[in-house]
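The values are calculated or read from the model by the stated rules, or taken from the named source; none is laboratory data. These numbers were taken from a predicted model, which means no experiment stands behind them. Here the Cβ is made from the backbone with ideal geometry for all residues, glycine too, and neighbour counts use every protein chain on show.
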Amino acid sequence: MKAFLSGNEAVARGAYEAGVRFAAAYPGTPSTEILENCAKYSEIASQWSTNEKVAMEVTIGASLGGARSLVAMKHVGLNVAADPFFTLSYTGVNGGVVVVSADDPGMHSSQNEQDNRHYARFAKVPMLEPSDSQEAKDFVKVGMEISEAFDTPVLLRMTTRVCHSKSVVELGERAEPPKKTYQKDFAKYVVLPSNARKRHVFVEERTKKLEEYSESFPGNRIEPGEPELGVVTGSVAYQYAREVFPKATFLKLSMSYPLPRKLIREFAGKVKKIVVIEELDPYIEENLKAMGIPVEGKSKIPLCGELSTETVAKAFGEEIKPYALPVEVPIRFPVLCPGCPHSGIYYVLKTLKATVTGDIGCYTLGGMPPLSAMDTCICMGASVGMALGMKKAMGRDSAKRIVATIGDSTFLHSGITGLLDIVYNKGVSTVCILDNGTTAMTGHQDHPGTGKTLAKEQTSKVDYAALARSLGIKDVKVIDPYDLKAVREAFKDSLSRAEPSVVIAQRACVLLDRKRAKAPAVDLEKCNACGLCFLLGCPAMEKADGKPVINEVFCVGCHVCAEICNREALQAL
Amino acid sequence: MRRDLQPRSPAGAVRPRSTINQSEKAMKPTTSVILSGVGGQGILLAGEILATAAMNSGFDAKKSEVHGMAQRGGSVVAHVRFGEKVYSPLAKLGEADYLVAFERLEALRYLPLVKNGGTVVMNDQRIVPLSVTFGAGAYPEKIEEMLSGRAKAVEVIPALAIAQEMGNTNVVNLVMLGALSKYLIFPEETWQKSLEERVPKKFLELNQKAFARGAEAARTKVTA
């Protein structure tokens, strides 16, 4: 039977067919749908974990307990989970483990475009790179076999274009391997230095065996063509290269760590010239050059950004003249939704001239004009620690203007430890938890603060105020972000205090709470076109003669714009 | 148009990769459709149904989209490609046969993807971007004329008006897909099957109606 699946759906299907019994993740574009789809199979116990490190650790536990297990994350998530990942390479597995890293070349929804292929070599873990959905499914299955046969986790390296492209997949049946039991094994699972030294030797021997395996792995193959040009490629770049060089001889590398060196030499002997076509870093290129094989790669192909058929074609001299539009097309940035509870918070912080350390989520858009109310964004949870550090460097008075803003899911992911650091180190920072009751940006996933699991079962729900108090915060306020007066007073009070504060702005994401009120009416007599309401950056507002025109299709009736207006020109009907 | 839309034989389904050979390179060209619009307009579902219809009609098909930053309000594009054997999930600049734009400005933005002599089907709806509200650029006028500078056929569909008439602005996407269906020769039943597969049951009837209204609105009739 055939199905039309995205790469992410195919990974979940592969997990199902491979007999996987446990899967975990923290949501992150472009990987999120992997776990959402795993959860559709009742045979796979699927869960959102608090963060990627925890997801990795729970997965290791599930593997040791005997289950084939899968853990998925976006590329920067593997940074968070790197600590257990590296040591998992030493301990090896019991039930097979596939670690999915979804990289984001082009940074469609990420803060960097690190190339996680380096993690395979760094942690000495075999790596598979699918180029479409069929391979994504197949490689999860073969990955589980490699994992158990070689006693290693396997890295499945996806990219945005593989995750979010759909293609035709041949479906198979689920085959559960015989159940494994947990065996206590001190020398393997307790990495005291005396044990870990022996495990390192094991890892090096394992890598040699994997090199042999890579030679015969069917996904590493020569595709015959004319001998003038040899193309070495993998992942989605293979698809682009296939269109640009239909006649060339190809070496398709699907297992790119360890590399099949004999196969590479055989290929080099068949062709007159070799080009390496790969996204981001010259990972394959440098390996081939180290083998003494002359190749061309990043001297032509861009290092930065996502590849496409046209970037590859252009790199090799094809003239592609983009059709020149007769006018400039105005940009359409992603924006905070009409009625987004974050907008009012950032509006107030802007008027208070606050220095805002920000974080990762929809609310990062608060940094965009016209709000322009965010100063920093580094990684999940960074806002909290950075607020403390800035104050330490800039002196106590500056703290009166520094506010950390962090979403509910991000706070639970890695903001709590930062908050504890503020308390412990006698900070006076104000931390605002933007609690919209969901992981909004990745498409509304549950988390420990929503009271629901991935399977939508009821579970315990974090009480942010009680949590903050238990860490030692005395000034804890809960506010409604639609009530701008209360928002302003809360921030003014907290910022004036010589103690740390937590402001919890609580209102459901506007896309979840579908209740709608009427759009406010614009009283053109009262309006003096001061432009204050436009500072909110509401996409439901258009402008005519400097005055607001409310687009009633988009307006949800939050009336925050009416609160901003000094002349009562925006009125509830 | 019919020429490049020959369904392949069922036996010639996606081949295992190990059998790629040179004769395959002389394959029939791939058809590329671009769907563009503003986040929240239902572009991804429309692309899903289109690609499913292509697959149900016996083609190899690929679809690509990016789940970007904010849920709403950004520029959104999906590529759907189908043919005997499709490699890249993305169309090249100047390669797309069809552009289905759910918003006027988003038709213009993605015009460079359309091949010289391609077809544009555009929803007659303006969604003014914030950048224009704040004075960074103007919303272009005479978009149809500019589209005609590249495309052979430009068809404007009042999809928002039709959807409003039906009492639900959420079905703009299905109205547009219905209009596109008049340009493609997928059998009617494959469209219906794809709708059934991809639209939640609760909304199926409404979406089927919207699809039919869109098909009616399109002036082009396929001649076999």
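Structural remarks
- Members of the range B:41-54 found to be facing chain A (nearest Cβ under 8 Å) and more than 19 Å from A:Cys163 (Cα to Cα), listed by number: none
- Screening B:Val100 with (1) touching a Gly at 6+ places or on another chain (Cβ under 9 Å); (2) crowded, with 23+ Cβ neighbours inside 10 Å; (3) within 11 Å of chain A (Cβ to nearest Cβ) gives one miss only, at (3).
- Taking the range B:125-138 as the range and being in a loop (DSSP other than H, G, I, E, B) and either facing chain A (nearest Cβ under 9 Å) or surrounded by fewer than 21 Cβ atoms within 10 Å (Cβ to Cβ) (or both) as the test, the residues that pass are B:Arg126, B:Ile127, B:Val128, B:Pro129, B:Phe134, B:Gly135, B:Ala136, B:Gly137, B:Ala138.
- Of the listed requirements (1) outside any helix (DSSP H, G or I); (2) touching a Gly at 6+ places or on another chain (Cβ under 6 Å), A:Ala23 misses just one: (2).
- Matching option when the condition is of a type outside the set (A, V, I, L, M) and modelled with pLDDT under 95, among A:Pro500, A:Pro539: A:Pro539
- Only one entry in B:Leu108, B:Leu90, B:Leu160, B:Leu113 is buried (at least 19 other Cβ atoms within 10 Å of the Cβ), over 30 Å from A:Val244 (Cα atoms) and at the interface with chain A (Cβ under 9 Å from one of its Cβ atoms), namely B:Leu160.
- Count of residues meeting criterion [among the acidic types (Asp, Glu) and either closer than 26 Å to A:Met374 by Cβ or touching a Lys or Arg at 6+ places or on another chain (Cβ under 9 Å) (or both)] in the range A:536-559: 2
- The set of residues in the range A:1-20 being in a helix (DSSP H, G or I) and within 14 Å of chain B (Cβ to nearest Cβ) consists of A:Gly7, A:Asn8, A:Glu9, A:Ala10.
- A:Ile433 meets the stated requirement of being within 18 Å of A:Leu388 (Cβ to Cβ), surrounded by 23 or more Cβ atoms within 10 Å (Cβ to Cβ) and among the β-branched types (Val, Ile, Thr).
- Per this entry, B:Gly74 is counted among residues that are surrounded by fewer than 23 Cβ atoms within 10 Å (Cβ to Cβ), more than 12 Å from the chain's Cα centre (by Cα) and within 9 Å of another protein chain (Cβ to nearest Cβ).
- None of A:Leu171, A:Leu155 is closer than 20 Å to A:Leu70 by Cβ, surrounded by fewer than 21 Cβ atoms within 10 Å (Cβ to Cβ) and within 29 Å of the chain's Cα centre (by Cα) except A:Leu171.
- Helices (runs of 4 or more DSSP H) wholly inside the range A:42-128 that include at least 2 residues being hydroxyl-bearing (Ser, Thr, Tyr) and touching a residue at least 12 places away in the same chain (Cβ under 8 Å): A:52-64, A:82-91
Yes or no, residue by residue, for (1) within 14 Å of another protein chain (Cβ to nearest Cβ); (2) within 33 Å of the chain's Cα centre (by Cα):
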{"site": "A:Glu204", "(1), (2)": "no, yes"}
{"site": "A:Glu211", "(1), (2)": "no, yes"}
{"site": "A:Pro218", "(1), (2)": "yes, yes"}
{"site": "A:Gly225", "(1), (2)": "yes, no"}
{"site": "A:Gly230", "(1), (2)": "no, no"}
{"site": "A:Leu263", "(1), (2)": "no, no"}
{"site": "A:Gly269", "(1), (2)": "no, no"}
{"site": "A:Lys273", "(1), (2)": "no, no"}
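- Residue match in the range A:461-481 (condition: crowded, with 19+ Cβ neighbours inside 10 Å, of a type in the set (Val, Ile, Thr) and at pLDDT below 95): no
- Qualifying residue in the range A:424-441 (condition: touching a Cys at 6+ places or on another chain (Cβ under 9 Å), at pLDDT below 95, of a type in the set (Gly, Ala, Ser) and under 22 Å from A:Pro341 (Cα atoms)): yes
- Assessment of the range A:121-128 against the conditions (within 17 Å of A:Val162 (Cβ to Cβ) and over 13 Å from the mean Cα position of the chain (by Cα)) yields at least one matching residue.
- Failed item in (1) outside any loop (DSSP other than H, G, I, E, B); (2) more than 10 Å from chain B (Cβ to nearest Cβ), with A:Lys314 passing the rest: (2)
- Residue count for the range B:147-170, restricted to those that are farther than 16 Å from B:Ala101 by Cβ and touching a residue at least 60 places away in the same chain (Cβ under 8 Å): 1
- Pairs with Cβ under 6 Å, 6+ apart, first in the range A:8-37 and at pLDDT 95 or above and buried (at least 24 other Cβ atoms within 10 Å of the Cβ), second among the β-branched types (Val, Ile, Thr) and in a loop (DSSP other than H, G, I, E, B): A:Val20/A:Ile44; A:Ala23/A:Ile44; A:Pro27/A:Thr442; A:Thr32/A:Thr442
- Residue count for the range B:199-224 under the criterion of being modelled with pLDDT of 95 or more and under 19 Å from B:Gly58 (Cα atoms): the result is 0.
- Scanning the range A:543-562 for residues that are surrounded by fewer than 21 Cβ atoms within 10 Å (Cβ to Cβ) and either among the basic types (Lys, Arg) or farther than 14 Å from A:Arg516 by Cβ (or both) turns up A:Lys543, A:Ala544, A:Asp545, A:Gly546, A:Lys547, A:Val549, A:Ala562.
- Of the residues making up the range A:319-364, just one is more than 10 Å from chain B (Cβ to nearest Cβ), aliphatic (A, V, I, L, M) and more than 30 Å from the chain's Cα centre (by Cα), namely A:Leu352.
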